[in-house]
Amino acid sequence: MSTKDFLEKDFYKILGVSKDAAPDEIKKSYRKLARKYHPDANKGNPASEERFKEISEAYNVLSDEKRRKEYDEARSLFGSGGIRMPGSAGGGQGGFDLGDLFGGTPGSTGGRLGDLLGGVFGSRSTQPRPRRGADIETETSLTFGDAIDGVTVSLRLAGEGPCKTCAGTGAKAGTVPRVCPTCEGTGQASKNLGNFAFSEPCRTCRGRGLVVDDPCPVCSGSGRAMSTRTISARIPAGVGDGQRIKLKGKGAPGERGGPAGDLYVRVHVTPDQVFGRSGHNLTVTVPVTFPEAALGAEVKVPAHRAMPVNVRIPAGTPSGRTFRVRGKGVRRSDGTMGDLLVTVDVQVPKQLNDEAREALETFRKAAGDADPRDELLRRAKDSRAKDR
């Protein structure tokens, strides 16, 4: 990103958030806009693609705490065209206290301004420091089975990096940049303020140390450009719906040899028609007949991507009772397996033939006249009595 872009672009406005927006608010706004303007959802629409690049560029800066701080301070100090000192024209309440600015007495080289100039533009005495690439966040949808077993997915990402057209030089093909004659390639120029001096970005080369006479038409001479890339990412087994996966080093490329940022993938899992999830356990509801529940039976139960298993239903099993089948659930990070939780649903026949009806009448007579609701009604009566 060029110094001009860093100072002149209003990244908060691009993302539609205030300057004091919290990181979660910035992330939420970015995700909403990224989904709306993503190239995959707006194929053949150059305006949407350009807007998507702007959004990604803004998020790359504002999502990184250090870069956001440098951006805010750079715009505060340099956005009006220079630093206004107390007592100078245009100063007054808008000026800076020298002690606050330099972190000590006039003439010291530390403090907030020195940190800002060194952090954003580099310094005369040292080479520009490597900068870690920004973190990137994206989303992907998985089937229920792939979420349980793990899968490799292809992700299309957008981010800022060296311009591919000019290989990061900023110069048009067939030309090369020249060393800035003003700062001799340091990117810094010394400015005298009475009894002391400090360095500021060279105005000739805007802090780059190089002058581009014939700029690259793609990056306008900055050497940086937004681009899209496709990567393969391994989603581990057992990921849950809504879970956020961190892929180290898969984010935006670093600058000046710095490490790449990280990629965060928000996973959405499509519900299954048979199985559910409860942590690392799978759940399934199995219908059983009244005779099976009353007399006991061994029933076949489906297992995820495996042969059915037999579950013993004891005599007198009520509807809603849950049985546990060990080791037939979701794999944990330590390699152990969760369980399969089987819930019994006793089915009541909707139609009976004469033989079945006669058998049930015989059963009712044999069971006696005891009302299974007697105890419930007794407790309700006692409860009413206590309330009086």
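For H38, all conditions in the list (1) buried (at least 18 other Cβ atoms within 10 Å of the Cβ); (2) farther than 30 Å from C202 by Cα; (3) modelled with pLDDT of 85 or more hold save one; what is the number of the exception?
H38 satisfies every listed condition except (3).
How do the pairs read when you match residues in region 189-209 that are modelled with pLDDT under 75 with residues anywhere that are hydrophobic (A, V, I, L, M, F, W, C) and loosely packed, with under 13 Cβ neighbours inside 10 Å, using Cβ under 7 Å and keeping only pairs 6 or more apart or on different chains?
S190/A197; K191/A197
Is it fair to say V286 is β-branched (V, I, T) and crowded, with 18+ Cβ neighbours inside 10 Å? Please lay out each step first, then the result.
Values: β-branched (V, I, T): yes; crowded, with 18+ Cβ neighbours inside 10 Å: no.
No; evaluated as a whole, the condition is false for this residue.
When P259 is evaluated against the numbered criteria (1) surrounded by 13 or more Cβ atoms within 10 Å (Cβ to Cβ); (2) over 17 Å from the mean Cα position of the chain (by Cα); (3) under 14 Å from F144 (Cβ atoms), which criterion, by number, is the only one it fails?
For P259, the failing item is (3).
Output the qualifying pairs, or none if there are none: Cβ atoms under 8 angstrom, residues six or more apart or on different chains, first residue in region 218-230 and touching a residue at least 24 places away in the same chain (Cβ under 8 Å) and of a type in the set (V, I, T), second residue in a strand (DSSP E or B) and surrounded by 16 or more Cβ atoms within 10 Å (Cβ to Cβ).
V218/A225; T228/L157; T228/A158; T230/L155; T230/L157
Is there a residue in region 315-325 that is modelled with pLDDT of 95 or more and in contact with a Lys or Arg (Cβ under 6 Å, 6 or more places away or on another chain)?
no
Conditions (1) part of a loop (DSSP other than H, G, I, E, B); (2) more than 15 Å from the chain's Cα centre (by Cα); (3) at pLDDT 85 or above, marked per residue:
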| residue | (1), (2), (3) |
| --- | --- |
| Y12 | no, yes, yes |
| E25 | no, no, yes |
| K28 | no, no, yes |
| A74 | no, yes, no |
| G82 | yes, yes, no |
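Only one of these is in contact (Cβ under 8 Å) with a residue 40 or more places away in the chain and either of a type in the set (G, A, S) or surrounded by 10 or more Cβ atoms within 10 Å (Cβ to Cβ) (or both): L340, L360, L295. Name it. Spell out how you get there, then give the answer.
Numbers: L360 fails: in contact (Cβ under 8 Å) with a residue 40 or more places away in the chain; L295 fails: in contact (Cβ under 8 Å) with a residue 40 or more places away in the chain.
After ruling out the rest, the residue left standing is L340.
Being at pLDDT below 90 and under 18 Å from T138 (Cβ atoms) is the filter here; which residues of region 256-271 pass it? If you could, list the steps in order and put the result at the bottom.
If we filter region 256-271 for residues that are at pLDDT below 90, which is where we start, we get 256-261.
Scanning region 256-271 gives A260, G261.
Among what's in region 298-335 and is hydroxyl-bearing (S, T, Y) and surrounded by fewer than 17 Cβ atoms within 10 Å (Cβ to Cβ), pick the residue that is farthest from A147 (Cα to Cα). Talk me through it step by step, then tell me what you get.
Taking region 298-335 and keeping what is hydroxyl-bearing (S, T, Y), we get 317, 319, 322, 333.
Still in the list and also surrounded by fewer than 17 Cβ atoms within 10 Å (Cβ to Cβ): 319, 322, 333.
On the way: S319: 30, T322: 24, S333: 13 Å.
The qualifying residue farthest from A147 (Cα to Cα) is S319.
The values are calculated or read from the model by the stated rules, or taken from the named source; none is laboratory data. None of these values were measured; they are calculated from a predicted model. Cβ: placed from backbone, ideal geometry, glycine included. Neighbour counts: every protein chain shown.
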